[in-house]
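Student: I'd like to ask some things about the structure below.
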Amino acid sequence: MPASTSAAAVESHVRAFFAGHPVRSTTPVPGSGLRILTAGPGPRGAGWSYVTAGCGAVEFVLCGTADDPRFAELLGAVAGYHATHRLDVEHSLPIGEPWLPGSACDHLLVSLPYLHGPELEHCPLPDGGHARVLWLLPITAAEAAFRRTHGHEALERLFDEPGIDPLDPRRPSVV
């Protein structure tokens, strides 16, 4: 299936999922085929969700409490990295700087989209296949190291224990 057809299907899916939210589409790199969809606050929540459309079988969502161009920049970088490294659930990657100013989180963990659930995760495509929308959760270097040593599930259990606010850029590390 052409990438443009897949991206259009993902955009349609995201717009339907975020019905009642303002949603805009931008193209961070003209000619790349990648779109970044930005869903503002609405019935599904008060936060902002940024979703790729054009990565292929795996797309990504990054969430925050404000409309910030930094999120689209990060998604563009992740999409470029994904093109050669094929990210999936349980992967993590360093981003080389805090995800937002003042944050200790300088890595992203690829996870199931717990904030939005399987309705967003599973995106049907016109050819009968589907794409998955996975969550990019900002984490600290210490959390990434813990995941490498103890596994993804062990890290997710630590996130559940204190009940972290995944949208808080100043949240403390759980390890």
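Student: With respect to Glu153, is the statement that it is within 22 Å of Val23 (Cβ to Cβ) and open to solvent by 20 Å² or more (accessible area, probe 1.4 Å) true? Working first, answer last.
Tutor: Working: within 22 Å of Val23 (Cβ to Cβ): no; open to solvent by 20 Å² or more (accessible area, probe 1.4 Å): yes.
No: the conditions fail for Glu153.
Student: Can you name the number of the only condition in (1) surrounded by fewer than 16 Cβ atoms within 10 Å (Cβ to Cβ); (2) farther than 26 Å from His152 by Cβ that Ala7 fails?
Tutor: Only one criterion in (1) surrounded by fewer than 16 Cβ atoms within 10 Å (Cβ to Cβ); (2) farther than 26 Å from His152 by Cβ is unmet by Ala7, namely (1).
Student: Being polar (S, T, N, Q) and surrounded by 14 or more Cβ atoms within 10 Å (Cβ to Cβ) is the filter here; which residues of region 11-26 pass it? Spell out how you get there, then give the answer.
Tutor: We begin by selecting, within region 11-26, every residue polar (S, T, N, Q); these are 12, 25-26.
Across region 11-26, the qualifying residues are Ser12, Ser25.
Student: Inside region 99-113, can you point out the residues that are at pLDDT below 95 and either open to solvent by 10 Å² or more (accessible area, probe 1.4 Å) or of a type in the set (Asp, Glu) (or both)? Working first, answer last.
Tutor: The first filter runs over region 99-113 and keeps only residues at pLDDT below 95, leaving 99-102.
Leu100, Pro101, Gly102, listed by residue number.
Student: Which pairs turn up if I take residues in region 139-157 that are within 18 Å of Cys63 (Cβ to Cβ) and look for partners that are part of a loop (DSSP other than H, G, I, E, B) with beta carbon separation below 6 Å, at least 6 apart in sequence or on another chain?
Tutor: So the pair list comes out as Thr140/Ala104; Thr140/Ser173; Glu143/Ser173; Glu143/Val175.
Student: Considering only region 23-71, state which residues are of a type in the set (Val, Ile, Thr) and at pLDDT 95 or above.
Tutor: The first filter runs over region 23-71 and keeps only residues of a type in the set (Val, Ile, Thr), leaving 23, 26-27, 29, 36, 38, 51-52, 58, 61, 65.
Residues satisfying the conditions are Val23, Ile36, Thr38, Val51, Thr52, Val58, Val61.
Student: Taking His116 as the residue in question, decide whether it is under 16 Å from Thr52 (Cβ atoms) and either open to solvent by 40 Å² or more (accessible area, probe 1.4 Å) or out of contact with any helix residue (DSSP H, G or I) (no Cβ under 9 Å at 6 or more places or on another chain) (or both).
Tutor: Values: under 16 Å from Thr52 (Cβ atoms): yes; either open to solvent by 40 Å² or more (accessible area, probe 1.4 Å) or out of contact with any helix residue (DSSP H, G or I) (no Cβ under 9 Å at 6 or more places or on another chain) (or both): no.
So His116 fails the test.
Student: Hey, another quick one. Residues in region 40-54 that are open to solvent by 20 Å² or more (accessible area, probe 1.4 Å) and either in contact with a His (Cβ under 7 Å, 6 or more places away or on another chain) or assigned to a loop (DSSP other than H, G, I, E, B) (or both): how many?
Tutor: From region 40-54, those open to solvent by 20 Å² or more (accessible area, probe 1.4 Å) are 41-48, 54; that's our starting set.
Checking the rest, the ones that are also either in contact with a His (Cβ under 7 Å, 6 or more places away or on another chain) or assigned to a loop (DSSP other than H, G, I, E, B) (or both) come to 41-44, 46-47, 54.
Within region 40-54, residues that are open to solvent by 20 Å² or more (accessible area, probe 1.4 Å) and either in contact with a His (Cβ under 7 Å, 6 or more places away or on another chain) or assigned to a loop (DSSP other than H, G, I, E, B) (or both) number 7.
Student: Pairs, please: C-beta under 8 Å, at least 6 apart or cross-chain, first residue closer than 27 Å to His122 by Cβ and in region 76-102, second surrounded by 16 or more Cβ atoms within 10 Å (Cβ to Cβ) and small (Gly, Ala, Ser)?
Tutor: Final answer for the pair search is Ala79/Gly54; Val89/Ser111; Glu90/Ser111; Ser92/Ala144.
Student: Starting from region 39-52, take each residue that is touching a residue at least 60 places away in the same chain (Cβ under 8 Å) and list its partners that are aromatic (Phe, Trp, Tyr), counting only C-beta distances under 8 angstrom and pairs at least six apart or across chains.
Tutor: Going by the 8 Å Cβ cut-off, the qualifying pairs are Arg44/Phe17; Arg44/Phe18; Ser49/Phe18; Val51/Phe60.
Student: Could you pull out the residue among Leu62, Leu75, Leu37, Leu87 that is part of a helix (DSSP H, G or I) and either polar (S, T, N, Q) or open to solvent by less than 70 Å² (accessible area, probe 1.4 Å) (or both)? Reasoning before the result, please.
Tutor: Details: Leu62 fails: part of a helix (DSSP H, G or I); Leu37 fails: part of a helix (DSSP H, G or I); Leu87 fails: part of a helix (DSSP H, G or I).
Selected residue: Leu75, the only one of Leu62, Leu75, Leu37, Leu87 that is part of a helix (DSSP H, G or I) and either polar (S, T, N, Q) or open to solvent by less than 70 Å² (accessible area, probe 1.4 Å) (or both).
The values are calculated or read from the model by the stated rules, or taken from the named source; none is laboratory data. Everything numeric in this text was worked out from a predicted model, so none of it was measured. Virtual Cβ from ideal backbone geometry, glycine too; neighbours counted across all protein chains shown. When the accessible area is computed, the model is the full protein with side chains, heavy atoms only, and any ligands, DNA or RNA have been set aside. Shrake-Rupley method; radii C 1.70, N 1.55, O 1.52, S 1.80 Å.
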